[in-house]
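The values are calculated or read from the model by the stated rules, or taken from the named source; none is laboratory data. Please read these numbers as outputs of a predicted model, since none were measured by experiment. Remember, those area values only see protein heavy atoms, side chains included, never the ligands or the DNA or RNA. Shrake-Rupley method; radii C 1.70, N 1.55, O 1.52, S 1.80 Å.
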Amino acid sequence: MLKKRIFVLITAVAMLGFVLVGCGSEKKGVETTASTSVEASAETGASVKREVKMYTYNDGTYGPYNIPSYDENNQYAQKLKEAYASDAYPGVYIARVDKGWIWYWEPETDDGNYYYIGSVDNPNYLQGDDLNRFLMDIKINLNKFIEKCEAGELHPIDLDGDGSISYPEAYIQSFFAIQSNQDKPYNGLITFFDFDDILWE
């Protein structure tokens, strides 16, 4: 049984507790450190080589954290795929670090159908109306996720096994659970640092 906490959804980035980060040539705390190749399954069933680039996130306050561009066996992603959407965000990287959570997803191709929230291939993170739209989108998704959990339609996951579910964990889960309701999939790097408010325990 979920113990509901009173929640307030805030639209300001700084107050919301996560940071949208641009990467690449602007050096906003992320640098490429190495790359390797792995075998990834294509839709045809054949295996193709996919480059895995390693990035180091370090903005002077948070990090250094090593972030792969592709991580098919990420434990947190696997939990969410099993619970909500097995085909969502292939290779997504989700990490629990000392200051919070990191979400990073770099899709294999970009045909213009993705939001860019800062990625190594596009250092221009969301601004202006695009940023406001993104914030509203994830706020709506989080609301839907909470409502479905409270109604028993969905069952939230304690990702880090600490006995409670924080707002960052709920946000990340909503990316998977409410994916079909998103205008566009999320892409890039999203961090939830110093933001551990408990939603359910």
Given H placed on each backbone N at 1.01 Å, which residues far from Val92 in sequence or on other chains put an amide H within less than 5 Å of it? Asp71
Arrange the residues Ile190, Ile198 by how much accessible surface each exposes, largest first, with a 1.4 angstrom probe. Ile198, Ile190
